[in-house]
Amino acid sequence: MERGLILLVAALMVYVAPGVQGTFSFANNTEQVNITMAGCGVTKLCVETPLNCDPTGNNSCLFVSVVASKSVAPTDLSFELRGDSTGYIAVGLTAKPSEATTMLFICAPDGQNRTFLFQTMQRNNTDALLTPTEMNVTNIQGTVTGNVIQCKFTVPNMNATTYSILLGTGHFDGKTFGHFNISLDSGALNLTNPVRNTADPHSTATTHSGSTTTTDPHSTATTHAGNSGAVHALDVLLLLSVVALSMLGA
């Protein structure tokens, strides 16, 4: 009975590691991790799926936020990752999602005890093969409550800050990490800017050479800048017609 209570408490708590590389399993936990949307778009860049889901109240919400220690590289990138999975959740950083590799940061429960595990992997973007790799990661914290996994970590001294963020989940049997199933590809983002600034997958704005069409998802108004010259010419013709008719009437 006493052993069962210890395992239950461990499953709801978190371990803090000052700095690690590679794979670590954590069980001696000290505090709860609670990830929220507070600061999104102001102090931290946030990406989530489904769109605008709330990580504090929706178990299907896969959410990550990024805070940069400074606006230029090299910089420390602090992440908060939250998702619902019976296996693992992960966030990946890649320059080219269709080629090269992805730095993958995995948070998962460690086996049947539901304690916390953190793993760094490299994903081959061509064949999706996952390979354990050593990456410097600090300030790791994690919580597993049921199927909800929450974790925080910092990747220091990043020499690049523009990446596509990949969010996804995968199977984990306590020993082997299965295929990384991508739920969202953010497109290229400047991670030092808390505002989604490039290639936003939720944006419907489209720019064309010679004219600009902007569509607000909350509005049906559409503006075509390329047709403004024709509109002004028609207005001038109508004005001249009115003036001519007035002079004839006089």
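The values are calculated or read from the model by the stated rules, or taken from the named source; none is laboratory data. Being a predicted model, the structure only gives us computed values, none of them experimental. For neighbour counting, all protein chains shown are included, and Cβ atoms are generated from backbone atoms with ideal geometry for every residue, glycine included. Accessible surface is based on the protein model in full, side chains and every heavy atom, while ligands, DNA and RNA are left aside. Shrake-Rupley method; radii C 1.70, N 1.55, O 1.52, S 1.80 Å.
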- Query: Ignoring ligands, DNA and RNA, how do I182, I89 rank by accessible area with a 1.4 Å probe, largest first?
  - Reply: I182, I89
- Note on the structure: So the FRET efficiency between A128 and V42, C-beta based with R0 = 35 Å and rounded to 0.05, is 0.50
- Report the extension gain between N34 and N58 in nm, rounded to one decimal, defined as 0.36 nm multiplied by the number of residues separating them, less their alpha carbon distance. 7.3 nm
- Note on the structure: Each label sits 7 Å from Cα toward the beta-carbon; between N159 and A73 the label points are separated, in nm, by 0.8
- Query: What does the charge add up to near S65, with Lys and Arg as +1, Asp and Glu as -1, over the other residues with Cβ less than 10 Å from its Cβ?
  - Reply: +1
- So how far, in whole Å, is the C-alpha centre of region 51-75 from the one of region 115-175? 14
- In region 45-132, if every C-alpha pair distance is counted and binned at 5 Å from zero, what percent goes to each bin? 3, 13, 18, 20, 23, 16, 7, 1, 0
